[in-house]
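A.B. asks: I have a structure here, written as structure tokens, and I will follow up with some questions on it.
The values are calculated or read from the model by the stated rules, or taken from the named source; none is laboratory data. Keep in mind that this is a model prediction, so the values were computed, not measured. Note that we place each Cβ from the backbone using ideal geometry, even for glycine, and neighbour counts take in every protein chain shown. Surface accessibility is based on the protein's heavy atoms, side chains included, excluding ligands, DNA and RNA. Shrake-Rupley method; radii C 1.70, N 1.55, O 1.52, S 1.80 Å.
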Amino acid sequence: MHWVADLGADIETMMYRESHAEHLFEGRPYNEVCSYDRRAFDGDVLDAMSDAHPRSLLGSLGELRVVRTRESVRIAGEADHATRDTFLTALTDALERTAGSRRLLVDLMPLHFLGVRCALDLIDHVAGAAGHDGVEVRCATAQAVLLRRLGSERVRRLTLTEVVRAW
């Protein structure tokens, strides 16, 4: 995205574009590679663009990225042994943050890999979330199969919403 300056576009224009591109990804296969030159933009701009982007972009394989909103947490990348601490912190923070509303959405759709230990951690954290009436886990078919095999259906407040990808 180094071309932004060449076109005379400002950061606000790019932020608007990034945060209003969701329609490109719906209803049909679509792929767009978007990369910001880390030498041309400061950290605040890179963080803001990453947060605004409709799909989570990671700097490298093996990373885990967490996007928090008031009533949800979206987890992208790989949840495995190497990223387990970040995964646990994201779940703990999300449950604490949503205790007042008693509801939480955990969006695993951008997650490329969910390891067994992290899946068990998710089930255990939701089972222990006595302050919540319901926790919805939105996930792909493979993640739903794994969570069910590990006993997610025994946790009354946990609801799996399986999303079948069109591509």
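A.B. asks: Could you list, in sequence order, all residues of region 81-101 that are in contact (Cβ under 8 Å) with a residue 24 or more places away in the chain and either open to solvent by 40 Å² or more (accessible area, probe 1.4 Å) or in a strand (DSSP E or B) (or both)?
C.D. replies: The answer is H81, R84, T92, D93, R97, A99, S101.
A.B. asks: Quick one: which of E32, E22 is surrounded by 10 or more Cβ atoms within 10 Å (Cβ to Cβ) and at pLDDT below 65? Lay out the reasoning, then the answer.
C.D. replies: On the way: E22 fails: at pLDDT below 65.
Selected residue: E32, the only one of E32, E22 that is surrounded by 10 or more Cβ atoms within 10 Å (Cβ to Cβ) and at pLDDT below 65.
A.B. asks: Can you tell me how many residues in region 120-142 are modelled with pLDDT under 95, part of a helix (DSSP H, G or I) and either open to solvent by less than 40 Å² (accessible area, probe 1.4 Å) or among the hydroxyl-bearing types (S, T, Y) (or both)?
C.D. replies: 1
A.B. asks: Residues in region 102-119 that are open to solvent by 50 Å² or more (accessible area, probe 1.4 Å) and farther than 17 Å from T141 by Cα: how many? Reasoning before the result, please.
C.D. replies: Restricting attention to region 102-119, the residues satisfying the condition of being open to solvent by 50 Å² or more (accessible area, probe 1.4 Å) are 102-103, 112-113, 116-117.
Now restrict to residues that are farther than 17 Å from T141 by Cα: 102-103, 117.
Summing the residues that are open to solvent by 50 Å² or more (accessible area, probe 1.4 Å) and farther than 17 Å from T141 by Cα in region 102-119 gives 3.
A.B. asks: Output the residue which, of all residues in region 64-98 that are within 11 Å of the chain's Cα centre (by Cα) and of a type in the set (S, T, N, Q), is farthest from V137 (Cα to Cα).
C.D. replies: Taking the candidates together, the pick is T69.
A.B. asks: If you check A127, A99, A144, which single one turns out to be small (G, A, S) and under 20 Å from L64 (Cα atoms)? Explain how you work it out, then say what you get.
C.D. replies: Values: A127 fails: under 20 Å from L64 (Cα atoms); A99 fails: under 20 Å from L64 (Cα atoms).
Going through A127, A99, A144 in turn, just one is small (G, A, S) and under 20 Å from L64 (Cα atoms): A144.
A.B. asks: Also, I was wondering about something else. Is it true that E153 is free of Cβ contacts under 8 Å to residues at least 24 places away in the same chain, touching a helix residue (DSSP H, G or I) at 6+ places or on another chain (Cβ under 7 Å) and of a type in the set (D, E)?
C.D. replies: Numbers: free of Cβ contacts under 8 Å to residues at least 24 places away in the same chain: yes; touching a helix residue (DSSP H, G or I) at 6+ places or on another chain (Cβ under 7 Å): no; of a type in the set (D, E): yes.
For E153, the condition - free of Cβ contacts under 8 Å to residues at least 24 places away in the same chain, touching a helix residue (DSSP H, G or I) at 6+ places or on another chain (Cβ under 7 Å) and of a type in the set (D, E) - is not met.
A.B. asks: Taking only region 146-167 into account, find how many residues are out of contact with any strand residue (DSSP E or B) (no Cβ under 6 Å at 6 or more places or on another chain) and either open to solvent by 60 Å² or more (accessible area, probe 1.4 Å) or on the phi > 0 side of the Ramachandran plot (or both).
C.D. replies: Here the count works out to 11.
A.B. asks: Determine the pairs where a residue that is within 20 Å of H81 (Cα to Cα), located within region 121-146, has a partner that is of a type in the set (A, V, I, L, M, F, W, C) and in a strand (DSSP E or B) with Cβ atoms under 6 Å apart, the partner being 6 or more residues away or on another chain.
C.D. replies: So the pair list comes out as V126/V135; V126/L158; Q143/L114; A144/L160.
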